[in-house]
Amino acid sequence: MSSLKGGVGKTSVTSGLASAALAAGLKTLVIDLDPHADLSTALGLPAGQGTPVGELLRRPKKHDLRDHVRTAPWVSIASAKNKEDKRLVLDVLAGSSASALFDRPDLSRRDLHRLETLVAKIDGYDLVLIDCPPSFSGLTRMAWVTSDDVVLVAEPGLFSVAGTERTLRALKLFMAEYAPSITGTHVVANRIRDDFPEHAYRLKEMREMFADHLIEPALPELHEWQQVQGAAYPIHQWPTRTARAAAQRFDTLLAQLRRV
Ligand SMILES: Nc1ncnc2c1ncn2[C@@H]1O[C@H](COP(=O)(O)OP(=O)(O)OP(=O)(O)O)[C@@H](O)[C@H]1O
Ligand SMILES: [Mg+2]
């Protein structure tokens, strides 16, 4: 999950997809690569629990990830609410400021492969989600080299749409040089308000500009997001009608991403 622009919803979309994956019973690993570690907070991971990914990246060949992944507290929320499946898997590699060391523009080719080396030994997951910081420095590029699919999150505004267009171009250049294994480059529109004509206009523009890349449904502006994230809850367990509608959109989005 990436974007050059900050605050467009990368972490929220990652957590929505993680919640959808948990609800669907997919074995999922989320990697919080952002030094701000917002995703670890949204997942309710207690601070200091687990070796953060930034520390593992220093010597990626040395570590066995199975010793460092932590079960997200969401698993117990989901299994308590569903009164069932203890086999639900949502594992986390925690984020921390230790990652910042690698968020440089001048990573060597060897450094670019650190995350790939770190995750190479894991298996048994249906899905791995990586939340990136808002830049195309070392961490995001490490994530791209490691990924099959890149999702760019965009808001329905002039600057965000224009920025996403530039990002797609930069991503294509990067793929040709460093990441030929990426098979999908996607754009997801976030924070759409049905009652804003400007948003309808921008969504139409995105459908035209990013025809081959835009995956739908677009995600709604959801006023509960702050509360959901503050309570460190999976959106699928939040008891409002609007949260349930948003959760359904994440289900569809996850299905789209797994199909393309
Ligand atoms: N669809 C949405 N509806 C309402 N609020 C949202 C939505 N998506 C994101 N937000 C809010 O916008 C803020 C920024 O979102 P988020 O942290 O997910 O963005 P980000 O791209 O990960 O930011 P950063 O670039 O800092 O990592 C958060 O307070 C979040 O709750
Ligand atoms: Mg974020």
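Laboratory data are not the source of any read-out in this text; all were calculated from the coordinates shown. Note that the structure is a prediction, hence the values are computed from the model and not measured. Because the Cβ atoms are built from the backbone with ideal geometry, glycine has one as well, and the counts that use them run over all protein chains shown.
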Tally of residues being aliphatic (A, V, I, L, M) and in contact with a Pro (Cβ under 9 Å, 6 or more places away or on another chain) across region 21-59: 6
Filtered residue count, region 115-133, keeping only those that are surrounded by 21 or more Cβ atoms within 10 Å (Cβ to Cβ) and either charged (D, E, K, R) or assigned to a loop (DSSP other than H, G, I, E, B) (or both): 3
Selected residue (criterion: farthest from Arg193 (Cα to Cα)) from residues of region 145-182 that are in a helix (DSSP H, G or I) and within 16 Å of ligand 1 (Cβ to nearest atom): Thr167
Filtered residue count, region 230-260, keeping only those that are of a type outside the set (Val, Ile, Thr) and closer than 13 Å to Leu219 by Cα: 11
Qualifying positions in region 64-113 - of a type in the set (Val, Ile, Thr), crowded, with 18+ Cβ neighbours inside 10 Å and out of contact with any Phe, Trp or Tyr (no Cβ under 7 Å at 6 or more places or on another chain): Val69, Val75, Val89, Val92
Candidates Val69, Val30 - the one that is in contact (Cβ under 8 Å) with a residue 60 or more places away in the chain and either aliphatic (A, V, I, L, M) or closer than 18 Å to Pro234 by Cβ (or both): Val30
Where Thr140 falls short, out of the listed (1) buried (at least 20 other Cβ atoms within 10 Å of the Cβ); (2) more than 16 Å from ligand 1 (Cβ to nearest atom): (2)
Among (1) of a type in the set (A, V, I, L, M); (2) within 21 Å of the chain's Cα centre (by Cα); (3) more than 16 Å from ligand 2 (Cβ to nearest atom); (4) in a loop (DSSP other than H, G, I, E, B), the one test that Leu107 misses: (2)
Residue match in region 60-67 (condition: part of a helix (DSSP H, G or I), out of contact with any Pro (no Cβ under 6 Å at 6 or more places or on another chain) and either within 16 Å of ligand 2 (Cβ to nearest atom) or not aliphatic (A, V, I, L, M) (or both)): yes
Leu45 touching a Lys or Arg at 6+ places or on another chain (Cβ under 7 Å) and over 27 Å from Ala176 (Cβ atoms): yes
Residue that is nearest to Gln256 (Cα to Cα), among those in region 175-189 that are surrounded by fewer than 18 Cβ atoms within 10 Å (Cβ to Cβ) and touching a residue at least 24 places away in the same chain (Cβ under 8 Å): Gly184
